[in-house]
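To keep things clear, I will list the structure first and then write my remarks on it.
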Amino acid sequence: MKALIETFRKAPERVFLVGLELKSRSTWDLQDSLAELEELAASAGGEVIGNGTQKLDTPVSSTFIGTGKANEFASQCRAENVDTVIFDDELSPAQSRNLEEVFQCKILDRTALILDIFAQRARTREGKLQVELAQLQHLLPRLTRFWGHLSRQKGGIGMRGDGETQLETDRRRVQDRIARISRELEEVRQHRLTQRAGRQRNLWPLASIVGYTNAGKSTLLNQLTGAATLAEDMMFATLDPTTRRLRLPTNQNVLLTDTVGFIRKLPHRLVESFKATLEEVVQAELLLHVVDLSHPQAEAQILAVNGVLEEIGAAGKPTLMVFNKVDRFESRELLHQYLERFPGAVGISAKTGEGVAELMVELGAMLRPVREFLDLSIPHEASSIIAKLHAVAQVVERDYSGETARFKARIPPHLRSEFSCYVVPELTES
Ligand SMILES: Nc1nc2c(ncn2[C@@H]2O[C@H](COP(=O)(O)OP(=O)(O)OP(=O)(O)O)[C@@H](O)[C@H]2O)c(=O)[nH]1
Ligand SMILES: [Mg+2]
């Protein structure tokens with residue numbers, strides 16, 4: 001992986017893309033999917049010189065695409081001096097290996113490409129650890145199968161003992177490293193929890209900016225708070241979360257976090273590895289879902305973002321839909337359609353600042369119910385409820401000395417029902 005980044009840095013690698021049109025493919029057609037893959041490849045520093053597609057009912061188990069097509073694309077790639085072939089879907093370890101033999105060049109899939117971009121973007125220790133964890137987890141099954149494949153040939157010339165032992169050592173080493181990184185990430189997470197406790201003393205609610213990659217999340221954070229977050233026309237410009245305070249015209253304060261963009265076909269284990277970063281999203285009382293309305297696949301991107309939110313357990317939070325890049329439109333017809341479908345949504349241009357004042361008004365209105373504190377009385381033995389409270393709520397006071405544990409906390413409205421039986425009936429406003 002490191003070597004790959006190095007080559008991309010030196011000279012643009014010549015890249016060929018391959019996509020499969022499956023019967024099951026629905027909202028995104030193949031060309032849109034490949035256009036996105038091309039953007040990803042460009043973001044990784046590659047130069048796309050062409051692509052090839054095939055229509056199939058299901059992928060071929062040995063080579064993903066049909067052998068005939070594979071050979072045809074391979075000779076095209078040889079003629080064009082292609083360095084790397086990137087497949088739009090995740091390949092099995094065996095498929096990658098077989099395809100490498102056919103193409104005689106480097107074969108990557110979408111997952112490896114995304115991981116590669118993440119590796120280039122990670123700045124903080126936590127970001128780097130998360131990327132390495134995801135990369136190792138991507139690697140491990142490949143090592144396992146390779147090992148299985150070699151063990152079948154046990155006794156073959158040059159394979160006696162050593163190969164197997166070496167691979168087993170490699171596998172163990174990868175597993176050890178995974179364990180060590182997981183431990184380190186846990187430490188970073190503890191540190192973050194301490195920081196969060198500090199933030200809780202501020203009593204400021206937390207809002208998280210979410211959205212598809214390149215939707216304009218960082219531009220919006222910059223526009224709202226003057227933060228100098230990297231905003232660029234490339235995918236996954238942001239990897240590590242940035243949090244800034246925003247003071248609304250009503251003098252309410254809110255902490256806004258800009259974080260990693262979402263993308264469709266985000267491999268599950270990648271989402272897993274980024275749990276720590278995405279924790280900001282899970283903890284937030286409010287989400288700002290930024291949509292690039294000028295993108296032809298805006299609708300499908302909204303669905304992809306909602307899918308990831310669901311996966312990380314952040315679905316159903318109060319969400320302000322923010323339709324961005326309205327400056328790109330001559331007619332406002334499309335915007336009006338979306339605003340009608342999503343009541344309370346706003347149309348803005350994070351770039352020019354249009355609509356941002358209205359956004360702040362909406363944000364203020366949404367924050368009001370969120371800022372309500374509840375008094376809770378929870379039996380000491382209900383430790384899982386107490387743990388859950390700390391995981392999802394902003395706990396500002398705690399007292400374990402009485403017959404029950406007492407807390408003062410702000411619970412996101414959509415989770416209140418889970419704690420309703422512990423609420424002490426006198427509500428206090430902050
Ligand atoms: N025309 C126009 N361009 C915008 C607007 N908002 C953002 N952009 C551009 O869109 C591109 C992506 O913006 P970012 O703010 O980096 O997007 P992001 O959502 O943070 O992207 P990632 O961090 O990569 O997920 C940049 O080139 C911005 O200049 C807008 O309102 N209008
Ligand atoms: Mg960004």
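Probe radius 1.4 Å, ligands and nucleic acids ignored: give me the carbon and sulfur share of the accessible area of the range 203-301 as a rounded percent.
Heavy-atom surface of the range 203-301 belonging to carbon and sulfur, 1.4 Å probe: 49 percent.
Would you calculate, for the chain, the mean residue ellipticity at 222 nm contributed by helices, counting each DSSP H stretch of 4 or more residues as -39,500 (n - 2.57) and dividing by all residues, to the nearest 500?
Mean residue ellipticity at 222 nm (helix-derived): -15000 deg cm²/dmol.
Cut-off under 18 Å on the C-alpha distance; same-chain residues fewer than 8 positions from K351 excluded. Which aspartates and glutamates are left, in chain and number order?
E232, D233, D258, D292, D327, E330
Restricting attention to the range 25-103, which trypsin sites (Lys or Arg not before Pro) occupy a DSSP loop and are surrounded by at most 16 other Cβ atoms within 10 Å?
The qualifying sites are R25.
Percent of Cα-Cα pairs per 10 Å bin, from 0 to the last occupied bin, for the chain, please list those.
4, 18, 26, 24, 16, 8, 3, 0
What is the percent carbon and sulfur in the accessible area of the range 2-118, measuring with a 1.4 Å probe over the protein chains and ignoring ligands?
Whole-percent figure for carbon plus sulfur exposure: 48.
If you split all Cα-Cα distances of the range 2-118 into 10 Å bins from zero, what percentages do you get per bin, shortest first?
The calculated distribution, bin by bin, is 14, 50, 33, 4.
From Cα coordinates alone, what are the radius of gyration and Dmax values for the range 273-430 in angstrom?
According to the Cα coordinates of the range 273-430, Rg and Dmax are 19.1, 65 Å.
Could you look at the range 379-430 and say what percent of its accessible area is carbon and sulfur, using a 1.4 Å probe and all protein chains?
In the range 379-430, the share of accessible area belonging to carbon and sulfur is 55 percent.
For the chain, what is the percent of antiparallel DSSP beta bridges, rounded to the nearest 5?
Once the DSSP bridges in the chain are tallied, antiparallel ones form about 35 percent.
If I take every Cα pair under 8 Å that is 6 or more residues apart in the chain, average their sequence separation and divide by the length, what percent do I get for the relative contact order?
11
Here is the link list: K106/K275; K106/K265; K55/K106. Which ones come out longer than 26 Å on Cα distance?
Cα-Cα > 26 Å for K106/K275; rest within.
What accessible area per residue comes out for the chain, rounded to a whole number of Å², with a 1.4 Å probe?
Accessible surface, normalised per residue, equals 47 Å².
Roughly how much of D83 is accessible, in Å² to the nearest 10, using a 1.4 Å probe?
70
Please compute P(r) over all alpha-carbon pairs of the range 374-422, binned at 10 Å starting from zero, and give each bin as a whole-number percent.
Bin by bin from 0 Å, the calculated values are 28, 64, 8.
Can you tell me how much longer the chain between S331 and Q104 gets when fully stretched, taken as 0.36 nm per residue apart minus their C-alpha distance, in nm with one decimal?
Stretched fully, the S331-Q104 segment lengthens by 76.7 nm.
Provide the descending list of Cα extents for the range 297-363 along its principal axes, expressed in whole angstroms.
Principal extents (Cα only, largest first): 36, 27, 22 Å.
Work out the length of the dipole vector of the range 374-422 about its Cα centre, built from +1 on the beta-carbon of each Lys and Arg and -1 on the beta-carbon of each Asp and Glu, and round it to the nearest 20 debye.
My answer is approximately 200 debye.
Highest first, please rank the peptides 14-23, 206-215 by the mean number of other Cβ atoms sitting within 10 Å of their residues.
In descending order of packing, they fall as 206-215, 14-23.
Taking just the alpha carbons, could you work out the radius of gyration and Dmax for the range 242-311, both in angstroms?
My reading of the Cα-based Rg and Dmax gives 13.9, 42 Å.
The values are calculated or read from the model by the stated rules, or taken from the named source; none is laboratory data. Quick caveat: nothing in here was measured; it's all calculated off a predicted structure. Counting neighbours? That spans all protein chains shown, and the Cβs are built from the backbone with ideal geometry, glycine included. To get the accessible areas, we keep the full protein, side chains included, count just its heavy atoms, and leave off ligands, DNA and RNA. Shrake-Rupley method; radii C 1.70, N 1.55, O 1.52, S 1.80 Å.
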